[in-house]
1. Checking VAL17 against (1) surrounded by 10 or more Cβ atoms within 10 Å (Cβ to Cβ); (2) assigned to a helix (DSSP H, G or I); (3) β-branched (Val, Ile, Thr); (4) at pLDDT below 90, only one condition comes out false. Which one?
2. Restricted to region 15-70, and to residues that are in contact with a Ser or Thr (Cβ under 7 Å, 6 or more places away or on another chain) and not polar (S, T, N, Q), which residue is farthest from TYR87 (Cα to Cα)?
3. Just checking, which of ASP115, ASP130 is surrounded by fewer than 14 Cβ atoms within 10 Å (Cβ to Cβ) and either of a type in the set (A, V, I, L, M) or without any contact (Cβ under 8 Å) to a residue 24 or more places away in the chain (or both)?
4. Can you spot a residue in region 32-49 that is surrounded by 15 or more Cβ atoms within 10 Å (Cβ to Cβ), of a type in the set (Phe, Trp, Tyr) and within 25 Å of PRO112 (Cβ to Cβ)?
5. Filter region 76-87 for residues that are acidic (Asp, Glu) and surrounded by 14 or more Cβ atoms within 10 Å (Cβ to Cβ) and give the result.
6. How many of the residues in region 52-78 are without any contact (Cβ under 8 Å) to a residue 24 or more places away in the chain, of a type in the set (Ser, Thr, Tyr) and not in a helix (DSSP H, G or I)?
7. Looking for whichever is free of Cβ contacts under 8 Å to residues at least 24 places away in the same chain and assigned to a helix (DSSP H, G or I) here; the options are GLN81, GLN49, GLN36. Which one fits?
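The values are calculated or read from the model by the stated rules, or taken from the named source; none is laboratory data. Being a predicted model, the structure only gives us computed values, none of them experimental. Ideal geometry is used to build each Cβ from the backbone, glycine not excepted, and the neighbour counts take in all protein chains shown.
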Amino acid sequence: MMKDNQRGITLVELLGVLAILSVIILLVGSAHLFGQKQLIYQTDELHKQGDVRLVISQLTTDFRSVTATDYSVDTDTGTYQVGTHTYSYNEPIIYRDGKKMSDNIAGFTLTPIEDDEELVGINIKIDSKDSDQAGQTTIETAIYFRR
């Protein structure tokens with residue numbers, strides 16, 4: 001029997017509050033873990049897309065400043081000469097003038113575009129590496145030489 005001046009909580013009330021709080025903490029924790037996984041996934045994907053865009057942007061800039069006679073391919077070494085710059089691809093790394101540009105590249109192809117057996121442009125295709133978090137990004141463009 002309780003007297004009027006005794007205040008407090010019963011064991012049943014305490015267990016009820018603890019059960020409700022544990023459910024709330026589980027929900028908040030799972031939402032936090034989901035958010036962390038999404039952050040890692042999106043950061044990885046943006047990093048790989050950024051690498052592909054960097055390489056394609058630099059190649060585009062270099063190709064637009066040269067003519068068809070300033071481009072050559074050395075099939076023995078797998079290097080591409082674009083004006084004064086040398087590009088090489090050793091999976092998964094692309095080098096420009098011997099310096100690493102990106103290490104997230106799964107595919108790098110430069111295909112000549114010819115008109116009447118004359119080189120008029122280059123088709124560039126670059127694929128990013130595929131990973132558990134991010135899918136593969138592919139960017140393809142055609143650059144035509146100025147005459």
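1. (4)
2. Checking each candidate, the answer is ASP44.
3. Values: ASP130 fails: either of a type in the set (A, V, I, L, M) or without any contact (Cβ under 8 Å) to a residue 24 or more places away in the chain (or both).
Step by step, each of ASP115, ASP130 is checked, and only ASP115 is surrounded by fewer than 14 Cβ atoms within 10 Å (Cβ to Cβ) and either of a type in the set (A, V, I, L, M) or without any contact (Cβ under 8 Å) to a residue 24 or more places away in the chain (or both).
4. no
5. Going through region 76-87, the residues acidic (Asp, Glu) turn out to be 76.
Across region 76-87, there are no qualifying residues.
6. The total comes to 4.
7. GLN36
Conditions (1) of a type in the set (A, V, I, L, M); (2) surrounded by 12 or more Cβ atoms within 10 Å (Cβ to Cβ); (3) under 14 Å from VAL73 (Cα atoms), marked per residue:
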| site | (1), (2), (3) |
| --- | --- |
| TYR89 | no, yes, yes |
| ASP97 | no, no, no |
| ASN104 | no, yes, no |
| LYS125 | no, yes, no |
